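The values are calculated or read from the model by the stated rules, or taken from the named source; none is laboratory data. All of these numbers come straight from a predicted model, not from anything done at the bench. In this analysis, Cβ positions are derived from the backbone assuming ideal geometry, glycine residues included, and neighbour counts consider all displayed protein chains. The area values use the complete protein model at the heavy-atom level, side chains included, leaving out ligands, DNA and RNA. Shrake-Rupley method; radii C 1.70, N 1.55, O 1.52, S 1.80 Å.
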Amino acid sequence: GDAAAARTLQQDVLDASRRILGDDHPDTLTAKANLAASLRALGDAAAARTLQQEVLDASRRILGDDHPETLRAKANLAVGAWNSGRHEVAIDLTASALAAAKARHGDEHPVTVRLSGLLAQMHEARR
């Protein structure tokens, strides 16, 4: 794919979402997360991490710490940390997201299952 073109389009979507919907709208947060993924694919880990942290902070404020979208934002931040070689930070973020998911949603909820799988992959890869 064309990561640079995707990044430009993702930025355009984010700019439009902010202008039309505002910074705290769920679609704007999704657009910001998508731009972060494009930046990460282009190797701009620092910019991606900043956007991912903004998404997590806004999700916590708007939805609460244990909402599935907040937990997904935390997992995205963890994956970014993992890909930047910050494995302990990634595992800690994922473990805390998993604990919140289990406490609020139980073991059978899709977000709990996804976080369990992500944490298992991190432990396996760290061996």
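With every protein chain left in place, what is the accessible area per residue of the chain in square angstrom, probe 1.4 Å?
Heavy-atom accessible area per residue stands at 55 Å².
Would you work out the relative contact order for the chain, in percent, from Cα pairs under 8 angstrom that are 6 or more residues apart?
Computed value for the chain: 16 percent relative contact order.
Only Cα pairs under 8 Å and at least 6 apart count here; give the relative contact order of the stretch 14-62 as a rounded whole percent.
After rounding, I find 31 percent.
Tell me the net charge near residue 89. Cut-off is 13 Å between Cβ atoms, residue 89 excluded, with +1 for each Lys or Arg and -1 for each Asp or Glu.
So the environment of residue 89 carries a net charge of +2.
Tell me the label-point distance for the pair residue 104, residue 87, using the 7 Å Cα-to-Cβ offset, in nm and rounded to one decimal.
2.9
Could you compute Rg(Cα) / (2.2 N^0.38 Å) for the stretch 23-77, with N its residue count?
Compactness ratio reported: 1.03.
Apply 1/(1 + (r/R0)^6) to the Cβ-Cβ distance of residue 12 and residue 60, taking R0 = 25 Å, and write down the FRET efficiency to the nearest 0.05.
Given R0 = 25 Å and the Cβ-Cβ separation, E is 0.40.
Taking just the C-alpha trace of the stretch 6-127, give me its Rg and Dmax in Å.
Rg and Dmax of the stretch 6-127, Cα atoms, are 14.5, 47 Å.
Find how much the distance from residue 121 to residue 50 grows on full extension, using 0.36 nm per residue of separation minus their present alpha carbon separation; answer in nm with one decimal.
Length difference between fully extended and current span is 23.1 nm.
What part of the accessible area of the stretch 1-58, given as a whole %, is carbon or sulfur when the probe is 1.4 angstrom?
Solvent-exposed carbon and sulfur of the stretch 1-58 make up 53 percent of the total.
Please state the charge dipole magnitude for the chain, taken about the Cα centre, from unit charges on C-beta atoms (+1 on K and R, -1 on D and E), reported in debye and rounded to the nearest 20.
The dipole magnitude comes to about 240 debye.
State the extension gain, in nm to one decimal, for the chain segment bounded by residue 21 and residue 41, taking 0.36 nm per residue of separation less the distance between their alpha-carbons.
4.6 nm
So which GluC sites (Glu not before Pro) in the stretch 44-126 pass both tests, a DSSP loop state and at most 10 other Cβ atoms within 10 Å of the Cβ?
Those that pass, being in a loop and sparsely packed, are 108.
Classify the stretch 68-127 from the C-alpha gyration tensor, please: rounded if a/c falls under 1.5, else prolate or oblate depending on whether a/b exceeds b/c.
The shape class here is prolate.
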